[in-house]
4 protein chains.
Amino acid sequence: MRAELNVLGISGSLRKKSTNTGLLRAALQLAPADLKIEIADIAEVPLYNADIATQGKPPAVERIVAKIAAADALVLACPEYNYSIAPALKNVLDWASREPGNKALDGKPVAILGAGGRMASSRAQYHLRQVCVFVNLHPLNKPEVCAHANSDSFDGDGNLVDDKVRQLVADQMRALVDWTRRLQI
Amino acid sequence: MRAELNVLGISGSLRKKSTNTGLLRAALQLAPADLKIEIADIAEVPLYNADIATQGKPPAVERIVAKIAAADALVLACPEYNYSIAPALKNVLDWASREPGNKALDGKPVAILGAGGRMASSRAQYHLRQVCVFVNLHPLNKPEVCAHANSDSFDGDGNLVDDKVRQLVADQMRALVDWTRRLQI
Amino acid sequence: MRAELNVLGISGSLRKKSTNTGLLRAALQLAPADLKIEIADIAEVPLYNADIATQGKPPAVERIVAKIAAADALVLACPEYNYSIAPALKNVLDWASREPGNKALDGKPVAILGAGGRMASSRAQYHLRQVCVFVNLHPLNKPEVCAHANSDSFDGDGNLVDDKVRQLVADQMRALVDWTRRLQI
Amino acid sequence: MRAELNVLGISGSLRKKSTNTGLLRAALQLAPADLKIEIADIAEVPLYNADIATQGKPPAVERIVAKIAAADALVLACPEYNYSIAPALKNVLDWASREPGNKALDGKPVAILGAGGRMASSRAQYHLRQVCVFVNLHPLNKPEVCAHANSDSFDGDGNLVDDKVRQLVADQMRALVDWTRRLQI
């Protein structure tokens with residue numbers, strides 16, 4: 001029997017009824033039995049400021065970076081704001097990247113999913129993939145999960161209710177298990 | 001005689017000795033007489049949260065968005081964090097983009113400059129240019145100002161002391177005057 | 001009365017029934033009376049090779065570069081192949097950029113449109129916009145024309161038959177007239 | 001003893017004294033004993049045209065696609081033309097992607113290196129990485145090889161003569177062996 005994989009889910013949207021956070025909840029529900037997802041709370045993480053960083057990290061930063069460091073893999077829910085990444089998500093990765101030796105992020109497998117407008121968050125996701133190159137995260141290529149936020153795919157509380165997209169999320173979580181096990185060897 | 005142009009400079013770096021903020025100070029010093037630059041203070045602008053936005057904008061957001069709306073053009077100092085845009089800069093643009101009719105940003109001319117590591121902030125600047133498409137900002141194509149942050153180009157307080165780069169900044173500010181006057185017609 | 005604007009349309013797809021070339025034909029039909037579009041034939045333009053370039057440009061290259069240089073503006077139909085620009089389109093721009101002083105492209109206004117799969121050619125269009133920065137083309141921000149190639153929007157010969165997209169193309173051509181006249185001052 | 005890995009090197013530059021092809025020659029010389037690199041000749045590959053493709057692939061296309069399909073991994077030398085990918089390189093990948101089931105490219109490990117001007121081909125390399133997402137190539141994150149083409153790093157014939165960059169290429173080839181063996185499991 002293979003060890004359970006512990007995965008941290010981070011949503012770039014801070015609002016309560018976010019469709020992106022809804023995608024993370026769907027991932028949590030639909031993941032294979034050996035993939036356990038915890039959804040992070042990043043509401044208290046302040047904007048990165050190098051002057052603050054040198055004085056000691058704020059507690060909310062300490063907490064999220066420790067959780068990232070402890071995870072076997074990440075699931076990043078990537079909203080698109082104005083054709084690029086939501087600052088709240090990028091900001092958490094920026095804080096995490098400042099650990100000595102990049103040890104919180106280095107070499108971790110990642111699944112990226114997102115909900116957005118016309119292009120379904122894809123423009124933001126490709127920017128996020130470029131970030132992954134430097135911080136040495138290994139994103140899955142496929143399946144890509146690009147959901148339409150303003151559609152019947154989500155209910156009013158941001159829950160994913162579209163069977164096709166739910167299947168895609170389930171497929172992505174299975175792919176993440178395979179990818180993580182390959183990269184852990 | 002032509003009217004003075006009022007330009008708002010925004011730096012994506014919050015630290016005191018930032019080289020990116022240093023580029024803005026150089027722009028302010030080297031700008032033609034008819035280009036007046038004010039450097040914005042964005043330290044108090046919180047991360048965008050749609051739930052907060054609907055309750056009324058925080059005062060620091062009100063202030064920065066009003067300044068953006070009043071400016072004839074913007075100068076954006078764009079640090080590169082992990083191959084993309086600094087969240088503090090993107091966040092200000094995201095807040096500004098939520099004005100009804102995008103009236104704070106719509107159609108404004110922009111100069112982009114930045115200091116960074118190996119690729120001198122260029123990777124972040126191209127992401128920022130993609131943001132400009134949606135929010136309908138018109139960035140100058142040339143000259144691009146990509147400075148090396150960890151070099152003799154800056155002193156320990158982040159002041160730009162390299163004559164070649166100072167010339168480039170001066171050229172860019174002249175180009176911004178021309179570009180702004182063309183687009184205002 | 002204002003002078004007629006002469007615009008060159010270039011499609012990145014070489015196949016006869018291309019939807020991207022269909023978008024150019026729609027642009028030609030729907031353009032305002034003072035915007036005259038010629039659709040270029042680039043089938044004979046060979047792949048750029050610096051060794052050939054120094055020996056003298058091939059005749060097909062001479063012809064297309066002369067047409068680009070003579071145009072007041074460009075309309076680029078941008079297919080998406082594998083999430084980036086079609087080589088046939090990029091190749092023409094690369095040849096044109098080698099003119100002394102970049103005089104064929106320098107400062108020209110551009111409208112970009114495209115038809116593609118899931119993301120409707122948008123990923124390729126943003127790469128093309130980055131190319132425009134260096135060669136100093138000035139693309140319109142809006143309206144963006146991103147059409148779905150595999151849909152009822154086109155007939156079997158690649159003709160654009162969707163009224164909403166036709167309206168968008170007409171709007172873009174009007175915006176191109178305005179943009180060109182502003183930049184020509 | 002582990003099986004030899006057969007790798008195909010493809011350079012996006014067609015000129016004889018190309019620094020990008022020079023990087024491939026350095027990779028060939030500096031690769032570990034169990035990594036055997038063949039440098040492809042792509043000079044005869046015509047620009048992709050869907051009408052030609054349906055009539056049967058040209059012989060030069062058949063040859064390069066067969067070599068790609070047979071390789072355990074790829075090394076792509078990526079020149080930067082006008083801030084994006086050289087059409088000759090993109091074109092080969094586009095042809096290869098048209099194999100039924102994407103079987104020529106699907107899942108292959110890739111090392112990307114390049115030589116260029118001011119930003120050392122990096123802008124083109126990030127576009128190429130976006131292409132890899134769709135065609136399901138797995139590029140190495142690190143080390144990135146971004147060499148300055150117009151420098152003492154290369155001799156007049158495009159040979160890489162800079163010891164630091166040669167070390168980086170050697171490191172990348174070792175990383176490619178590790179990455180390929182991990183992904184082959």
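The values are calculated or read from the model by the stated rules, or taken from the named source; none is laboratory data. Since the structure is predicted, the reported quantities are computational estimates derived from the model, not experimental observations. Cβ placement follows ideal geometry from the backbone for every residue including glycine, while neighbour counts extend to all protein chains displayed. Calculation scope for accessible area: heavy atoms of the full protein, side chains included, ligands and nucleic acids excluded. Shrake-Rupley method; radii C 1.70, N 1.55, O 1.52, S 1.80 Å.
Some values worked out for this structure:
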| item | result |
| --- | --- |
| Selection from region B:110-126 of residues that are in a helix (DSSP H, G or I), out of contact with any Cys (no Cβ under 9 Å at 6 or more places or on another chain) and within 27 Å of residue B:69 (Cβ to Cβ) | B:126 |
| Residue that is nearest to residue D:21 (Cα to Cα), among those in region C:21-49 that are small (Gly, Ala, Ser) and surrounded by 15 or more Cβ atoms within 10 Å (Cβ to Cβ) | C:40 |
| Top-ranked residue of region C:149-164 - restricted to ones that are out of contact with any strand residue (DSSP E or B) (no Cβ under 7 Å at 6 or more places or on another chain) and free of Cβ contacts under 8 Å to residues at least 60 places away in the same chain, ranked as most open to solvent (accessible area, probe 1.4 Å) | C:164 |
| Matching residues, region B:136-153, being at pLDDT 95 or above and over 17 Å from residue C:138 (Cβ atoms) | B:145, B:146, B:147, B:148, B:149, B:152, B:153 |
| Test for residue B:172: is it open to solvent by less than 20 Å² (accessible area, probe 1.4 Å) and farther than 30 Å from residue A:121 by Cβ | yes |
| Answer residue from region A:32-67, given it is closer than 21 Å to residue A:110 by Cα and in contact with a Lys or Arg (Cβ under 8 Å, 6 or more places away or on another chain) and is farthest from the other protein chains (Cβ to nearest Cβ) among those | A:38 |
| Candidates B:71, B:60, filtered to the one that is buried (at least 18 other Cβ atoms within 10 Å of the Cβ) and at pLDDT 95 or above | B:71 |
| Top-ranked residue in region D:104-128 [being touching a residue at least 12 places away in the same chain (Cβ under 8 Å) and of a type in the set (Lys, Arg); ranked as farthest from the other protein chains (Cβ to nearest Cβ)] | D:108 |
| Test result for residue B:101, more than 13 Å from chain A (Cβ to nearest Cβ), within 12 Å of the chain's Cα centre (by Cα) and not aliphatic (A, V, I, L, M) | no |
| Qualifying positions in region D:165-185 - free of Cβ contacts under 8 Å to residues at least 12 places away in the same chain and within 12 Å of chain A (Cβ to nearest Cβ) | D:178, D:182, D:185 |
| Leading residue by the ranking (farthest from the chain's Cα centre (by Cα)) among those in region C:1-15 that are open to solvent by 80 Å² or more (accessible area, probe 1.4 Å) and free of Cβ contacts under 8 Å to residues at least 40 places away in the same chain | C:1 |
| Residue within region A:142-152 that is within 14 Å of chain B (Cβ to nearest Cβ), over 15 Å from the mean Cα position of the chain (by Cα) and under 17 Å from residue D:134 (Cβ atoms) present | no |
| Among the candidates A:175, A:170, residue that is out of contact with any strand residue (DSSP E or B) (no Cβ under 9 Å at 6 or more places or on another chain) and part of a helix (DSSP H, G or I) | A:170 |
| Check on residue C:122, hydroxyl-bearing (Ser, Thr, Tyr) and over 15 Å from the mean Cα position of the chain (by Cα) | no |
| The lone exception for residue C:144 - which of (1) closer than 28 Å to residue C:3 by Cα; (2) touching a residue at least 40 places away in the same chain (Cβ under 8 Å) it fails | (2) |
| Residue match in region A:86-93 (condition: over 15 Å from the mean Cα position of the chain (by Cα), closer than 21 Å to residue A:67 by Cα and among the hydrophobic types (A, V, I, L, M, F, W, C)) | no |
| Selection count where residues are in contact with a helix residue (DSSP H, G or I) (Cβ under 7 Å, 6 or more places away or on another chain) and aromatic (Phe, Trp, Tyr), scope region C:127-154 | 1 |
| Search result, residues across region B:90-108 that are open to solvent by less than 10 Å² (accessible area, probe 1.4 Å), within 30 Å of residue B:2 (Cβ to Cβ) and not in a loop (DSSP other than H, G, I, E, B) | B:92, B:93, B:96 |
| Evaluation of residue B:77 against (1) surrounded by fewer than 24 Cβ atoms within 10 Å (Cβ to Cβ); (2) in contact with a Leu (Cβ under 7 Å, 6 or more places away or on another chain) (one fails), failing number | (1) |
| Residue list for region A:127-165, filter: in a helix (DSSP H, G or I) and closer than 26 Å to residue C:121 by Cβ | A:127, A:128, A:129, A:130, A:131, A:132, A:133, A:164, A:165 |
| Segments classed as strands (runs of 3 or more DSSP E), wholly inside region C:1-83, with at least 3 members that are within 20 Å of residue C:129 (Cα to Cα) | C:5-11, C:73-77 |
